[in-house]
1. Which Cα, out of LEU269, LEU253, PRO228, lies furthest along the positive dipole direction of the range 206-285 (beta carbon charges, K/R +1, D/E -1)?
2. Can you give the accessible area per residue of the range 149-312, in Å², using a 1.4 Å probe?
3. Excluding residues on the same chain fewer than 8 positions from LYS165, give the lysines whose Cα lies under 25 Å from its Cα.
4. At most 16 other Cβ atoms within 10 Å and a DSSP loop assignment: could you name the GluC sites (Glu not before Pro) in the range 219-316 that fit?
5. Largest first, please: the extent of the C-alpha atoms of the chain along each principal axis, to the nearest Å.
6. Run through the range 93-192 and list the GluC sites (Glu not before Pro) located in a DSSP loop whose Cβ has at most 12 other Cβ atoms within 10 Å.
7. Residue farthest toward the positive end of the dipole of the chain, with Cβ of Lys/Arg at +1 and Asp/Glu at -1: which of ALA76, GLY200, PHE338?
8. Enumerate the whole-percent occupancy of each 10 Å bin, from 0 to the last occupied one, for all C-alpha pair distances of the range 1-158.
Amino acid sequence: MVTLLGSTGSIGTNTIDLIAAHPDQYRVRALTAGKNVSLLAAQAKALQPEFVAIADPALWHDLQSALSGTGIACGAGESAILDAAAMTTDICVAAIVGFAGLKPVLTAIRHTKTLAIANKEPLVAAGALVLSMADEFGTKIIPVDSEHSAIFQVFETHHHNRVKKIILTASGGPFRTIPIDQMKSATVEQALAHPNWSMGAKISIDSASMMNKALEMIEAHYLFNMPPDKIDVLIHPQSVIHSMVEYIDGSILAQMGAPDMRTPIAVALAYPDRMKTTGPLLDWGAVPTLTFEKPDLEKFRAIQLAYDCLNEGVGHQIALNAANEVAVEKFLNRRISFGDIMRIVEEGLSLVPQGTPKTLGDILAVDQDIRKKLIQREPLN
Ligand code: NDP
Ligand code: MG
């Protein structure tokens, strides 16, 4: 039994592609979306879950009428998303975008055996809480983010103290080779045009600013219990090596494959077994050379900010994520320039309150506070 939170997104639809190709192995218990009623209803009709939920409460009637006569129960609003997350399952795929996925993730941990987590923002803002709850409820967490899936596959957990460092690879995004001034005035379309991966809008913008890699550094810190000085970032424009683990004996283990999210999703769905992907396999003939570069920390400030936030603590990690979400939304609404994203993120980091947020209430309060202050300074629309 599988529940899919965020079924209408890029990760969600790739997951359904795999599940639909293996109907004997997986049955869907619940599906959720944000606003996309028509796709959600079409998915429900095809997969016959028991329950579907839409986050926008105004869309309840639309969803209900789209599903009339199917016998599939439905609900709307945050509480309905949490109801879906609370259904008992073997695997819950967490594929909502942003901090909005935190409460569903924490709810799912209580009710699923395995949490296949793509939704990185809850790990950035509340990694310690997510892991301690998973520990408490005996829930296995399997990363879906391709870099973390790669590390998960080559990380010898019994040799944790023999790991010299983990090396997160990064494509460098659409602005890797263009001058910083040109990057700062890039359009939404240019920022969305990722050279290797096809993804949702928010993560595509994060990839262009390399905030995606910054979030992934913090995600890796929690998932693999690695201090910041053992986390490296390496630009690898071909996106064939999805990340590596270096051991103290000099061995470096890498995981490779085509840049297609169906591979890491398949790893999480089938673990500890393997399943056949519906995506492309790596064509070695089409890979001319594998190249590597150090990231330009001046151009891509986000990487340095992630190291700073890892050293500063949880409050800064929440603020980094919240400010970035505010900034990316403004950029996608064409209210600010691409260069303004990092300015707003740094402004957010200057607003971190004293103290160490620990509980869900503490974390929600810091997140809300940062967003409110940033939006007061410059309205979203
Ligand atoms: P998308 O924007 O494509 O999809 C997001 C999903 O979340 C959609 O189903 C959307 O519904 C739903 N959603 C949006 N807002 C809310 C909300 N407030 N409450 C409930 N549901 C909501 O994102 P991606 O699939 O690209 O990414 C999902 C997560 O996975 C992100 O955290 C991302 O960082 C991570 N990830 C994605 C990768 C990728 O290749 N796409 C790779 C690695 C990680 P609707 O369609 O109705 O708006
Ligand atoms: Mg990734």
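1. LEU269
2. Heavy-atom SASA per residue in the range 149-312 reads 45 Å².
3. LYS120, LYS140, LYS213, LYS230, LYS294, LYS299
4. GLU298
5. 57, 49, 41
6. Listed in order of number, the matching sites are GLU156.
7. ALA76
8. Per 10 Å bin, starting at 0, the Cα pair percentages come out as 12, 43, 34, 10, 2, 0.
The values are calculated or read from the model by the stated rules, or taken from the named source; none is laboratory data. Nothing here was measured: the structure is a model prediction, and the numbers come from that model. Reconstructed Cβ throughout: ideal geometry from the backbone, glycine too, with neighbour counts over all protein chains shown. The protein model used for the area step is the full one, side chains on, heavy atoms only, and it has no ligands, DNA or RNA in it. Shrake-Rupley method; radii C 1.70, N 1.55, O 1.52, S 1.80 Å.
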